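Below: the structure, in structure tokens.
What follows draws every value from the coordinates through simple rules; no lab data is involved. Small disclaimer: the values here were computed from a predicted structure and weren't measured. Note: ideal-geometry Cβ built from the backbone for every residue, glycine included; neighbour counts use all protein chains shown.
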Amino acid sequence: MKKNKDINSQIAGVDVGGTFTDLIITKPKSDELGFIKVPTTTENQALGVMDSFNKSRINLKEIDLIIHGTTTTTNALLERKLSKTGLITTRGFRDILELGRRTRPQPYGMKGNFEPIIPRNLRFEVSERTDAQGKILKPLVEEEVLSVIKKMLKVHCEAIIIHFLHSYSNPKNELKAKKIVLKHWPNHYVTSGHELLSENREYERGVTASINASVQPILENYIKKLEIELKMNGYKRDLLVMNGNGGTVSSKLVSKEAAKTVMSGPASGVIAAAYTGKFAKIKNMITYDMGGTSTDVAMIRNNQPAVSNEIDIEYGMPVHVPMVDVRTIGAGGGSIASVNQGGLLEVGPSSAGANPGPICYGKGGEYPTISDANFLLGRFINKTINVIDDKKIKKKINKIFETKLSKQLNETVLNSAEAIIKIANNKMANAIRMVSISLGEDPRQFSLFAFGGAGPMHASALAKELDIPKVFIPARPGLTNALGCLVADLRQDFSKTINISMENLKIKDVHYLFEYFNKSGLNLIKKQKVKTIKIDSFFSLDMQFVGQTHILRIPISNKKPSKKYIQKKFEEYYFKRFKVKLDRISANIVNINVSVVGKREAFDLKKLINLKSLKTNNLTKNTRKVFFNGKWYNTKIYWRDEIPRNFKILGPAIVEQMDSTIVINPNDRANIDNFGNLIIDVG
């Protein structure tokens with residue numbers, strides 16, 4: 001591994017999750033790292049971040065760089081706690097955000113509701129029109145814009161979206177409207193659709209712009225609070241913030257394109273997985289991140305995470321900016337189990353969260369959760385963070401399981417607990433199937449990379465269900481998202497719709513846009529005062545056959561490709577994905593994409609866990625009874641930090657550590673590699 005010059009400086013990665021805030025700090029001239037895990041503060045995440053630094057006892061004056069992953073924008077969206085935002089749009093198209101694609105939340109049901117990001121009374125129209133070819137059919141009338149601004153101010157709007165029809169083709173009217181608004185609007189929270197997403201499809205572009213405007217004040221206020229807290233405590237350097245694309249951006253720039261921070265938390269874990277897999281020489285992985293609130297699944301091929309600009313956060317909420325393709329389901333350690341009206345056991349999506357959390361946390365939880373089920377089955381005890389292992393808590397868990405579950409199910413408490421685990425595993429296995437199948441891949445050809453506080457407890461059983469042969473558990477699974485912040489690079493993404501067939505394409509137009517976006521990305525990365533060792537540029541085209549609606553992203557090797565090369569690459573990718581050749585149909589380029597990545601110094605993964613001084617005779621040989629498949633097994637218990645490299649473990653076994661617990665099922669075999677990763681061969 002290349003020697004890192006920045007190891008002599010202190011760098012911190014801090015990630016805010018739904019339940020815990022995690023911190024990793026490099027120590028100068030040391031082979032060790034600092035690890036901190038504290039409960040997330042829900043009302044003001046900055047307090048939890050500062051709490052993690054306070055408990056680390058590190059002087060913030062000595063830290064050279066902080067990289068931060070936040071769920072501020074994601075939570076605001078999912079909970080609909082958004083800024084009051086007004087929309088200015090083309091006359092006659094006020095209801096695009098509500099009509100959408102005319103789908104329904106429950107296509108086979110008679111119920112279900114949908115609430116657009118911007119309510120109808122805050123959507124206003126002005127007379128202007130541009131056609132799909134970019135011709136101005138009706139110029140913008142300034143007086144109408146001024147009238148709309150007065151109405152928005154009267155109802156106390158905090159932010160504005162300007163979203164005109166076909167602005168991606170010609171943004172003249174949209175730019176004029178923005179200029180007028182900025183003269184009369186009391187703040188800078190003004191989003192124009194084409195600047196954030198210069199692509200066709202008015203609905204998706206409008207929703208993405210609406211999300212950006214609605215979360216922009218929230219993100220900026222949070223970042224300012226955090227910057228003030230850090231500065232007051234001595235931090236004087238730049239703060240980087242994770243984006244959903246897996247890259248980072250300066251806190252000074254992040255709020256301008258706030259929508260790009262959505263899902264940044266899950267993305268950071270995937271980035272850490274790809275980074276770890278690269279050094280462990282495992283190219284293809286399905287990442288499985290189970291935390292306290294939810295489970296996130298993604299796919300990595302050839303050490304590259306799948307990135308998409310067509311992700312829906314939930315029904316009717318497409319965020320069409322480049323993001324790591326992560327699918328989320330409501331199954332975490334705090335997911336609540338209940339018996340429905342039909343007498344069937346359900347798990348999630350409701351969660352006990354960080355406060356009060358599962359019953360076994362001893363903070364007043366009153367509902368049975370996945371964590372409590374694992375506790376009853378003997379899978380983790382008081383060495384695990386937050387778990388309180390005493391007779392009073394055990395008695396309370398048994399009583400709640402009996403009254404809320406077992407009596408209705410006519411089962412024992414243990415069988416009810418194991419049923420909760422099986423149902424949760426089934427939901428998570430289905431999520432993994434959906435990710436792999438939707439991308440045209442067989443999960444059996446991948447390794448399962450399990451992390452999060454709860455992921456390693458369920459990974460082995462999931463792999464068996466999916467016929468995945470190996471489970472890969474990193475050295476610090478409960479801190480993987482914070483590691484993702486630590487290893488993430490700077491990144492800028494650009495996209496523009498041209499929507500033209502290969503027959504009519506002028507290849508010089510592609511070359512021009514590739515070059516223009518590449519220069520823009522280079523300039524933005526150089527503006528950020530962060531050391532990079534090199535800058536890479538990646539070019540791609542979103543393509544389809546004429547007449548189709550779905551698109552494929554085709555990587556292009558250089559910024560001056562020939563038409564023949566583009567056609568050949570598209571046909572190759574189309575056949576690989578669908579196993580069909582359509583030689584007689586013309587190909588079409590929809591979007592041009594460029595990603596510019598500023599690579600930071602490499603991070604030494606061996607610092608995550610100290611394997612140098614460990615010997616087999618240092619191992620503690622404790623045992624306890626653990627419940628597997630309807631019966632108790634006498635199970636060996638290991639402490640992760642005491643296991644030397646290449647040590648073999650035969651299941652059943654439990655491996656405990658500060659940030660997580662690993663369950664190795666009967667007949668599974670495991671060993672530790674040179675980086676401290678635990679590899680399980682599924683029996």
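Using the rule -39500 (n - 2.57) for each DSSP H run of four or more residues, divided by the residues of the chain, the 222 nm mean residue ellipticity is -9500 deg cm²/dmol. Residue exposure proxy: F472, F628, F603, ordered by other Cβ atoms within 10 angstrom of their Cβ from fewest to most, comes out as F628, F603, F472.
Label-to-label distance for S586 and N610 is 6.8 nm, based on points extended 7 Å past Cα in the beta-carbon direction. Packing around the peptides 210-216, 422-428, 18-24, 103-109, taken as the average count of other Cβ atoms within 10 Å per residue, puts them in this order, highest first: 210-216, 18-24, 422-428, 103-109. Lys and Arg at +1, Asp and Glu at -1: add these up for the other residues within a Cβ distance under 10 Å of I500 and post the number. With Lys, Arg at +1 and Asp, Glu at -1, the neighbours total -1. Ranking Y573, I554, I525 by Cα position along the charge dipole of region 504-583, where only Lys, Arg, Asp and Glu carry charges on their C-beta atoms, puts I525 farthest toward the positive end.
Using only Cα atoms, tell me the angle between helix 563-578 and the longest principal axis of the chain; keep it within 0 to 90° and round to the nearest 10. Taking Cα atoms only, the helix is inclined about 40 degrees. With a Förster radius of 51 Å, plug the Cβ-Cβ distance of N674 and E572 into 1/(1 + (r/R0)^6) and report the FRET value to the nearest 0.05. It comes out at approximately 0.90. When only the Cβ of Lys, Arg, Asp and Glu is charged (+1, +1, -1, -1), the dipole of the chain relative to its Cα centre reaches about 1160 debye. To the nearest ten degrees, helix 142-154 and the longest principal axis of the Cα atoms of the chain are 40 degrees apart. The mean sequence separation of alpha-carbon pairs under 8 Å and at least six residues apart, normalised by the residue count of region 490-575, gives a relative contact order of 29 percent. Return the whole-Å distance between the Cα centroid of region 553-613 and the Cα centroid of region 170-224. Each part reduced to its Cα centre gives a spacing of 30 Å.
Computed on the chain, with alpha-carbon pairs under 8 angstrom and 6+ residues apart, the relative contact order is 12 percent. Cβ-to-Cβ counts within 10 Å put T412, T549 in ascending order as T549, T412, the fewest first.
The largest-to-smallest principal axis extents of the Cα set in region 169-321 are 55, 46, 27 Å.
Quick one: helix 413-438 against the long Cα principal axis of the chain, what's the angle to the nearest 10°, folded into 0 to 90? The answer is roughly 40 degrees. In a reduced charge model with +1 at each Lys and Arg Cβ and -1 at each Asp and Glu Cβ, region 530-650 shows a dipole moment near 480 debye about its Cα centre. Placing a label point 7 Å from the Cα of H188 along the Cα-to-Cβ line, the residues of region 203-220 whose backbone N sits under 18 Å from it are 212-220.
Summarising the amide proton neighbourhood of L140: residues at separation of 5 or more, or on other chains, whose placed amide H is nearer than 5 Å comprise an empty set.
Can you give the FRET efficiency for E142 and R237, using 1/(1 + (r/R0)^6), R0 = 45 Å, r = Cβ-Cβ distance, to the nearest 0.05? Taking R0 as 45 Å, the efficiency between E142 and R237 is 0.55. The peptide list 633-639, 523-529, put in order of mean Cβ contacts within 10 Å with the highest first, becomes 633-639, 523-529. Over 32 Å apart at the Cα level, from the set K392/K606; K55/K648; K281/K625; K496/K564; K176/K519, are K392/K606; K55/K648; K281/K625. Evaluated with a Cβ-only charge set (Lys, Arg +1; Asp, Glu -1), region 482-576 carries a dipole of roughly 440 debye about its Cα centre, given to the nearest 20. Take every DSSP beta bridge whose two residues both sit in the chain; close to 70 percent of them are antiparallel.
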